[in-house]
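J.: What follows is a single structure, and I will ask about it in a moment.
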Amino acid sequence: SVFRLLYLLQQETSSTELRTECAVVLGSLAMGTENNVKSLLDCHIIPALLQGLLSPDLKFIEACLRCLRTVFISPVTPEDLLYTDATVISHLMALLSRSRYTQEYICQIFSHCCKGPDHQTILFNHGAVQNIAHLLVSTSYKVRMQALKCFSVLAFENPQVSMTLVNVSVDGELLPQIFVKMLQRDKPIEMQLTSAKCFFMNVAALNSGGWCFLFVFWFLTFQTLPCLVRMCSKERLLEERVEGAETLAYLIETDVELQRIASITDHLIVMLADYFKYPSSVSAITDIKRLDHDLKHAHELRQAAFKLYASLGANDEDIRKKIIETENMMDRIVNGLSESSIKVRLAAVRCLHSLSRSVQQLRTSFQDHAVWKPLMKVLQNAPNEILVVASSTLCNLLLEFSPSKEPILESGAIELLCSLTQSENLALRVNGIWALMNMAFQAEQKIKSDILRGLSTEQLFQLLSDSDVNVLMKTLGLLRNLLSTRPHIDHIMSTHGKQIMQAVTLILEGEHNIEVKEQTLCILANIADGTTAKELIMTNDDILQKIKYYMSHSNAKLQLAAMFCISNLIWNEEEGSQERQDKLRDMGIVDILHKLSQSSDPNLCDK
């Protein structure tokens, strides 16, 4: 039994040969099903194996490490089990020098157990970079590969590790130079792919570390990027195609030029369409192994393709058009939104979000395929990571030129979006209020009233006092859109005037940046444009004094916004204009206007 094997493994009275054989058998068991691994974990196999690493016998240490490697690469093993005892990492670092097998297994353990900034920091602080660097020139291919994979996870989105990596040298060569050599076409595909990842992870550090920017860009464009595109071709293994597409998606995510170059390299956009054709139509009876293999990777392939399409279409309108014109693309995205795999759903939503930045596609393809329907379904019940991207996409579908805006409104979106504004998740609050802001733009009075009713005065004040400036700005943008066109301004101010004026006062008195104050003054200017609403300003001496104060402010934007308020209050054609002009003249507004007419700023002077 497992208990008996673990007992013999831990008995120092057992011979080293017996203990080594026990570790080998346990490793074989760990290679079985996930239930096998769960059973071994329940029997506390990891502490027993870690204890075995203290033995002086190298063969026994290697057997324990091999078994540990097999246990840790299983998806059911929590990575944190490696970090529970602070001395374990130090001891593993010390064992790196014992043999090529200890090097291979320890690097593999680190690669699988480094899942975020906390793990990266622990390994970095224990000297992982310095201890593993020399393994990149090992005579063993397996050791070089595992070291390379280790660096790719250590440096992932970690500037501290990247900055250290670029300054480390092995046998007189800097690590980036070693990565470059490993990218050459005569090297195995796996090595090219992983070194491409490593090289890209360090691009930011390469620039700040004194490397020539033009060289870095040239290398990314003519070496790294083509290498990754080649990994996406039909001829590669499915695993390589997944990793190639995901790495390329990350590489080009924020760079417009790289997106353009990638889109025209080796017909990449068309090539990715093949990712959706798995499992293949081979008969399960004639090729059961092939079917099983395809099924296993089908989700990963679709996820990788959606991710890469999202990155490719992030900025360029022509690229988005090419993506959407790829065979059955919109149908594939719609199907992806309802997949059982959360990762595929998230990638599909990201792809949809990227394509929804296109005005043309919002008016055509998005409408033809009624994309808003599955999107609204996704928003009803999804984890936060999907909700954030889906609600961002909804913001685009609610822009005034989008034909989807009306059916989305009819499907109960206001209630959904109002609930998002109460989320503890900041991104969801921002997206909820942003979507409402877009919804309110040039909307009918009924929609505006429904938004105010759905939000409630209390929630509106909550959003206006939010600590995040994005939430505050979008809420002010919503108010500004609600308070547009005179009948709407007068109606809303007749029902919510007191609360809105109170909110405006609080913001103008608070410690806020120029943009927030400018937006607030623009809301006042809109209120001043109302027929009856303007009286709420004229009868509020505190607000009038604030407008006067901002007319003399040192910032021209605030001065202009304050003058818009005055301008809307004094139109001669409007009833009561003379009384309003007299009151403002008595306050000294005319004197300030005379002074501003001599301003060196042409905008202020003209206004």
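The values are calculated or read from the model by the stated rules, or taken from the named source; none is laboratory data. Given the structure is predicted, the values throughout are model-derived calculations rather than measurements. Counting neighbours? That spans all protein chains shown, and the Cβs are built from the backbone with ideal geometry, glycine included. SASA here: full protein model, heavy atoms, side chains in, ligands and nucleic acids out. Shrake-Rupley method; radii C 1.70, N 1.55, O 1.52, S 1.80 Å.
J.: How many angstrom lie between the C-alpha centres of region 133-154 and region 447-521?
T.: 57 Å
J.: Filter the GluC sites (Glu not before Pro) in region 12-118 to those in DSSP coil with at most 13 other Cβ atoms within 10 Å of their Cβ, and list the result.
T.: 12
J.: When ligands, DNA and RNA are left out and all protein chains stay put, how many square angstrom of accessible area per residue does region 1-109 have with a 1.4 Å probe?
T.: Per-residue value: 49 Å².
J.: A further question on this structure: Do you know the relative contact order of the chain, to the nearest whole percent, from alpha carbon pairs under 8 angstrom that are 6+ apart?
T.: 5 percent
J.: Just tell me which aspartates and glutamates come within less than 19 Å, Cα to Cα, of residue 59; anything on the same chain fewer than 8 places away is out.
T.: 12, 17, 21, 104
J.: Suppose only helical runs count, i.e. DSSP H with n ≥ 4. What mean residue ellipticity at 222 nm does that imply for the chain under -39500 (n - 2.57) per run, divided by all residues and rounded to the nearest 500 deg cm²/dmol?
T.: -21000 deg cm²/dmol
J.: Turning to a different aspect of this structure: When only DSSP loop residues count, what trypsin sites (Lys or Arg not before Pro) in region 487-570 have their Cβ near at most 11 other Cβ atoms within 10 Å?
T.: Nothing satisfies the criteria.
J.: Moving on to the next point. May I ask you to derive the relative contact order of region 498-606, considering only C-alpha pairs under 8 Å and at least 6 residues apart, and to give it as an integer percent?
T.: 22 percent
J.: Related question: Apply the Karplus curve 6.51 cos²θ - 1.76 cosθ + 1.60, θ = phi - 60°, to the phi angles in region 332-337 and return the couplings in whole Hz, x for Gly and Pro.
T.: 3J(HN,Hα) across region 332-337, in whole Hz: 5, 5, 4, 5, x, 5.
J.: Once Rh for region 498-606 is found with the Kirkwood sum over Cα pairs, what is the Stokes-Einstein diffusion coefficient at 4 °C and 1.567 mPa s, in µm²/s?
T.: My calculation gives 92 µm²/s for D.
J.: So which of 234/296; 38/115; 234/405 end up more than 29 Å apart by C-alpha?
T.: 234/405
J.: Can you pull the three principal axis extents for the Cα set of region 230-383, in Å, largest first?
T.: Extents along the principal axes, in whole Å: 48, 37, 27.
J.: Under Stokes-Einstein, with the Kirkwood radius over Cα pairs standing in for Rh, what whole-number D in µm²/s applies to the chain at 20 °C and 1.002 mPa s?
T.: So the translational diffusion coefficient is about 74 µm²/s.
J.: Could I ask something else about it? What is the extension gain from residue 542 to residue 90, computed as 0.36 nm multiplied by their sequence separation minus the C-alpha to C-alpha distance, in nm to one decimal?
T.: Working: separation 452, 0.36 × 452 = 162.72 nm, distance 6.64 nm.
Net length gain for the segment: 156.1 nm.
J.: Separate question: Setting aside same-chain residues fewer than 8 positions from residue 307, which aspartates and glutamates have a Cα under 13 Å from its Cα?
T.: In chain and number order, the partners are 243, 246, 253.
J.: Whole-Hz Karplus ³J(HN,Hα) for region 501-512, in order, using 6.51 cos²θ - 1.76 cosθ + 1.60 and θ = phi - 60°, x for Gly and Pro?
T.: In residue order, the calculated couplings are 5, 5, 5, 4, 4, 4, 6, 5, 8, x, 8, 10 Hz.
J.: To one decimal place, what Kirkwood hydrodynamic radius in Å is obtained for region 397-555 from all pairs of distinct Cα atoms?
T.: With all distinct Cα pairs of region 397-555 included, I get 16.0 Å.
J.: Using alpha carbons only, what's the Rg to Rh ratio of region 395-444 with Rh from Kirkwood?
T.: We get a ratio of 0.97 for region 395-444.
J.: If you line up the Cα atoms of region 313-417 on their principal axes, what length do they span on each, largest first, in Å?
T.: Extents along the principal axes, in whole Å: 35, 32, 21.
J.: Leaving out ligands, DNA and RNA but keeping every protein chain, what accessible area does residue 391 have, in Å² rounded to the nearest 10, with a 1.4 Å probe?
T.: So the heavy atoms of residue 391 present about 0 Å² to solvent.
J.: For region 145-202, which chymotrypsin sites (Phe, Trp or Tyr not before Pro) pass both filters: DSSP loop (anything but H, G, I, E, B) and at most 14 other C-beta atoms within 10 Å?
T.: Numbers: sites: 151, 156, 179, 199, 200; in loops: 156.
Passing sites in region 145-202 do not exist.
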